[in-house]
Every structure is written in structure tokens, then in C-alpha cells.
1. Would you please list the contacts, defined by Cβ atoms under 7 Å and residues six or more apart or on different chains, that run from a residue in segment 40-59 that is of a type outside the set (D, E, K, R) to a residue that is assigned to a helix (DSSP H, G or I) and surrounded by fewer than 19 Cβ atoms within 10 Å (Cβ to Cβ)?
2. Would it be correct to say that ALA111 is free of Cβ contacts under 8 Å to residues at least 60 places away in the same chain and at negative phi?
3. Could you look through segment 96-117, keep only residues that are closer than 21 Å to ALA18 by Cβ and not small (Gly, Ala, Ser), and pick out the one that is surrounded by the fewest Cβ atoms within 10 Å (Cβ to Cβ)?
4. I'm trying to understand the selection: among the residues of segment 66-87, which are touching a helix residue (DSSP H, G or I) at 6+ places or on another chain (Cβ under 9 Å) and either in a loop (DSSP other than H, G, I, E, B) or modelled with pLDDT of 95 or more (or both)?
5. Can you confirm whether THR19 is within 11 Å of the chain's Cα centre (by Cα), in a loop (DSSP other than H, G, I, E, B) and without any contact (Cβ under 8 Å) to a residue 40 or more places away in the chain?
6. Report, by residue number, each residue of segment 22-48 that is more than 11 Å from the chain's Cα centre (by Cα) and under 15 Å from GLY60 (Cβ atoms).
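The values are calculated or read from the model by the stated rules, or taken from the named source; none is laboratory data. Here the structure is a predicted model, which means the values were calculated and not measured. Cβ: placed from backbone, ideal geometry, glycine included. Neighbour counts: every protein chain shown.
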Amino acid sequence: MNDTAAGVQACKLVILGATGAVGSCLSRRLKGAGHDVFLAGRNPQVLRYLSEELAAPALGLDVLETGSIERTLQSASETLDHIDGVVNCIGSVLLKPAHLTSDEEWSEVLAVNLTSA
């Protein structure tokens with residue numbers, strides 16, 4: 001680990017959900033603070049852009065695919081040499097009234113939020 005500008009030890013972190021609003025903002029802040037980040041998210045265009053912007057390794061991730069988190073962490077560990085921490089920014093929110101939400105939409109939101117936790 002290296003010292004960052006604030007005197008905090010630089011860490012090697014995996015950011016799950018890096019392509020969302022919270023995950024991308026946090027990735028930028030952590031990289032800007034001197035930490036090494038490995039980006040994982042499900043939006044390939046945003047992931048590619050963020051990876052290039054931050055000069056950070058990245059991997060597509062869909063938590064609903066069995067074993068995807070384990071594969072992501074294995075890849076991150078191999079790429080970064082080791083992992084100091086994992087930040088979970090995965091989450092899904094459906095912005096519509098409950099009475100207009102289909103069973104399929106409800107199930108997907110639950111699956112994403114519970115599986116990633």
C-alpha cells in the first residue's frame with residue numbers, strides 16, 4: 001500500500017456497481033484519493049468509459065448470474081495482486097407506483113438487491 005495525499009494508506013478496492021450513479025461517483029473519489037480501484041458493473045458502455053477515464057481495470061458484472069461475484073473477485077485479485085476491500089454499490093430501484101409494478105419487475109428488484117447483499 002502507498003500513502004495517499006491525506007496520509008491514509010492507499011488500498012486496492014473492488015467497486016461492485018461501479019456503473020451506477022453512486023458507484024461511479026465513489027470510484028472517481030477513491031481513485032482521486034490515490035486508491036487502486038477495480039470496476040465492476042452491468043452497463044458495458046458506462047463501464048468502458050469509466051475504465052478509460054480512471055485508467056482502471058474493469059469487468060462486466062450481472063449479480064443475477066450464478067457465480068458472477070466470485071468470478072469478479074477472483075479476476076480483481078489476480079489483476080490487483082490482492083484486494084484490501086470490496087465496496088457494494090449494487091442496487092435497483094423501480095420508480096413507479098406499486099400498483100403499476102408487475103410481478104416480474106418486483107421480483108427483479110428483489111433479486112438484484114438481495115442477491116448482491
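1. LEU54/ARG28; PRO57/THR79; LEU59/SER75
2. So ALA111 fits the description; yes.
3. Residue satisfying both the conditions and the ranking: LEU114.
4. Result: ILE83, VAL86, VAL87.
5. yes
6. PRO44, GLN45, VAL46, ARG48
Residue-by-condition table, conditions (1) part of a loop (DSSP other than H, G, I, E, B); (2) in contact with a strand residue (DSSP E or B) (Cβ under 7 Å, 6 or more places away or on another chain); (3) among the hydroxyl-bearing types (Ser, Thr, Tyr):
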site	(1), (2), (3)
CYS25	no, no, no
ALA40	no, yes, no
LEU47	no, yes, no
LEU50	no, yes, no
LEU59	no, yes, no
VAL63	yes, no, no
